[in-house]
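Sharing a structure here in structure tokens format.
Bear in mind these aren't lab numbers, they're just calculated from the coordinates by the rules spelled out. Being a predicted model, the structure only gives us computed values, none of them experimental. Backbone-built Cβ (ideal geometry, glycine too); neighbour counts: all protein chains shown.
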Amino acid sequence: MECVFGLVGKGFAIVAADTSAVNSILVHKSNEDKVMVLDSHKLLGASGEPGDRVQFTEYIQKNVHLYQFRNGIPLTTAATANFTRGELATALRKNPYSVNILLAGYDKGVGPSMYYIDYIATMHKIEKGAFGYGSYFCLSMMDRLYHPDMSIEEAIDLIDKCIIEIRTRLVVAPPNFVIKIVDQDGAREYAWRESIKSPDVSMA
Amino acid sequence: MYKLIIKINVVGKLGRVWIAYMPTQLVWDKRFFVVFGQNASRCSKQVASPKSHGGEKLIRCLVIGSACSHSHPLPYLEKKKVYFLARSISLLSSLSFPLALSSPTNHLYSLAAMSIFEYNGSALVAMVGKNCFAIASDRRLGVQLQTVATDFQRVFKIHDRLYIGLSGLATDAQTMYQKLVFRHKLYQLREERDMKPQTFASLVSALLYEKRFGPFFCQPVIAGLGDNDEPFICTMDCLGAKELAKDFVVSGTASESLYGACESMYKPDMEPEELFETISQALLSSVDRDCLSGWGGYVLLVYAALLTPTEVQEKILKGRMD
């Protein structure tokens, strides 16, 4: 099942997601990137209905870029979160998107922040969060081991512990995960945790 | 199958068959009768005759018998293809649609009969004292049985002497708050003053009733200081039915416990310190009995002091963190 989780550390935020594209019992691919880089300092980890996920996250990404082109300055993380929430809320009573979102970003002056946006547009600023079946394991791990202002090594260690927990305890555990990080140097891919190597070389 | 809440008014009984009248607002714009029970198909003819339903025009008569359910077009009206069941279920599910959405994260709990008001969990209470009021809420944000955050804000400030708490579905509470702040800011620009609590309550009621057939699933609790520093509290349901009270108002999943606690602990004309103590104890003891609310409390006390402008005290309570 789809798992997206993340946490905020000292001067950075991490979002990790599984990378399986699944249709009922069939695994289409195991290297699907579900954490989108919105712009230089923002990450959007999304889980939910595959069509809605790709469609909605691309829509948000393009609108974030549009704002930057029009106004010359990038959107803050809080503004992006509120915009995303507004789009989900407007669509809610017409044709709702079934996408759960973890938005992480770094702003100068404010530092790292993470927003939890439900598929029914419930928005909340959080330090640690998770979606999907993996949340039952990740949230408990993070409640136990998380503390504010973790260093990168500690945070990656906690993420790895969560991944190990999901692999051990979830019956249809996704084999591979991607970890992305955003800090003052920008948003980038940090690592892949693969237990099944995909045959094709290119990562779509 | 999802449990949907269908409001049916039972209008009569023919033997072992119940005839119920489904209000128009739930399905499309046509009235129809739902007949269910044994011998339902035989009774549908009787139902269809004008004298049994006061001569009203019927478009469709849905017959749900023990064996099958089918739709009877009535002869004296034009034939129209009506996909009654599918349409009504789609409309009904638009009322309680978050449960009907097949979100992959939530489908495990689609079998649980959970009201949309209990999706996030909340507890709100407001009390009146002597020239002061207090409004308190819990701090849990949950998704059914899972707790997502323990610092969620439910009480919002409209202006210095007016606060609104919104219980129920968190997304609708956030949307309602944004709409209300927008309306109040417009009011401030036009009238060059703050809104009175009574006016604001009417505004909230009107906004909620605008969405009568597709409501916001939130129940507001409004507390403010009116003219002459007279405290004002009121609550309303999700459709805007106002309930003014002189002592306390409650809302949320823990409302039944809150009614009991407030009723026993409340005294009229309490001083601010005593009011604070009372409302805190009432809130904490009530949310302890409700699994969907809790994780501490947030109390806001506003009192009109004699010489200084209104003073506001905000406190976070630490209760049972579970």
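In sequence order, what are the phi-derived ³J(HN,Hα) couplings for the range B:131-139 according to the Karplus relation 6.51 cos²θ - 1.76 cosθ + 1.60 with θ = phi - 60°, rounded to whole Hz, with x for glycine and proline?
Calculated HN-Hα couplings, in order: 6, 8, 9, 9, 10, 9, 9, 7, 10 Hz.
Given the C-alpha atoms of the range A:40-119, compute the convex hull and give its volume per residue in Å³.
83 Å³
Considering only the other residues whose Cβ falls under 11 Å of the Cβ of residue A:117, what net charge follows from Lys and Arg at +1 and Asp and Glu at -1?
Spelling it out: positives minus negatives among the neighbours equals 0.
Another question, if that's okay. Under the classification rounded if a/c is under 1.5, otherwise prolate if a/b is larger than b/c and oblate if not, where does the range B:133-210 fall, given a ≥ b ≥ c as square roots of the Cα gyration tensor eigenvalues?
It is prolate, given that a/c is not under 1.5 and a/b is the larger ratio.
To continue, here is another question. Name the long-range amide H neighbours of residue A:193: under 5 Å, sequence gap of 5 or more, or other chain; modelled H, no Pro or chain starts.
Long-range HN contacts for residue A:193: A:177, A:178, A:179.
Dipole of the range B:204-265, Cα-centred, from +1 at each Lys and Arg C-beta and -1 at each Asp and Glu C-beta, to the nearest 20 debye?
320 debye
Continuing with this model, one more query. Rounding to the nearest 20 debye, state how big the charge dipole of the range A:80-204 is about its Cα centre with +1 on each Lys and Arg Cβ and -1 on each Asp and Glu Cβ.
Value, rounded to 20: 520 debye.
Between residue A:25 and residue A:197, what is the FRET efficiency for a Förster distance of 25 Å, r being their Cβ-Cβ separation, to the nearest 0.05?
E(calc), rounded to 0.05, equals 0.70.
Each residue of the range A:125-134 in turn: what ³J(HN,Hα) in whole Hz from Karplus with 6.51, -1.76, 1.60 and θ = phi - 60°, glycine and Pro shown as x?
7, 9, 9, 8, x, 7, 10, x, 5, x
Taking 7 Å along the Cα-to-C-beta vector as the label spot, tell me the residue B:230-residue A:171 distance in nanometres, rounded to one decimal.
Distance between the two pseudo-spin positions: 6.3 nm.
If you take the square roots of the eigenvalues of the alpha-carbon gyration tensor of the range A:84-192 and sort them as a ≥ b ≥ c, do you get rounded (a/c under 1.5), prolate (a/b over b/c) or oblate?
Since a/c reaches 1.5 but b/c is at least a/b, the shape of the range A:84-192 is classed as oblate.
Still on this structure, please answer the following. Subtract the Cα-Cα distance of residue B:311 and residue B:277 from 0.36 nm times their separation in residues, and report this length gain in nm to one decimal.
Extending this stretch completely gives an extra 10.6 nm.
When all C-alpha to C-alpha distances in the range B:260-300 are sorted into bins of 10 Å, what percent of pairs does each bin hold, rounded to whole numbers?
P(r) over the range B:260-300, rounded to whole percents: 29, 53, 17, 1.
By average Cβ neighbour count within 10 Å, what is the ranking of A:152-160, B:217-225 from highest down?
The densest-packed peptide leads the list: B:217-225, A:152-160.
Work out the P(r) tail for the range A:1-135: percent of alpha carbon pairs separated by more than 19 Å, whole number.
47 percent
Putting +1 on Lys and Arg Cβ atoms and -1 on Asp and Glu Cβ atoms, find which of A:27, A:13, A:69 reaches farthest to the positive end of the dipole of chain A.
Towards the positive end, the residue furthest out is A:69.
Any number yet on Rg/Rh for the range B:172-300, C-alpha, Kirkwood?
Reported Rg/Rh, Kirkwood definition of Rh: 0.98.
Using amide H atoms built 1.01 Å from N in the peptide plane, name the residues 5+ places from residue A:22, or on other chains, whose amide H lies under 5 Å from its own.
A:28
Next up: Rounded if a/c is under 1.5, else prolate if a/b beats b/c, else oblate: with a ≥ b ≥ c from the C-alpha gyration tensor eigenvalues square-rooted, which is the range B:175-241?
In terms of gyration-tensor shape, oblate.
What are the ³J(HN,Hα) values, in whole Hz, obtained from phi via the Karplus relation 6.51 cos²θ - 1.76 cosθ + 1.60 with θ = phi - 60°, for each residue of the range B:271-277 in sequence order, with x given for Gly and Pro?
6, x, 5, 5, 4, 4, 4
Turning to a different aspect of this structure: So how far apart, in nm, are the two label points at residue B:291 and residue A:188 if each is 7 Å from Cα heading toward Cβ?
Label at residue B:291, label at residue A:188, 4.7 nm between them.
For the pairs A:10/A:34; A:180/B:157; A:62/A:94; B:130/B:318; A:161/B:315; A:42/B:211, note any where the Cα-Cα span goes beyond 28 Å.
A:180/B:157; A:161/B:315; A:42/B:211
Are there trypsin sites (Lys or Arg not before Pro) in the range B:105-201 that DSSP puts in a loop and that have at most 11 other Cβ atoms within 10 Å, and which ones?
Qualifying residues, ordered by number: B:193.
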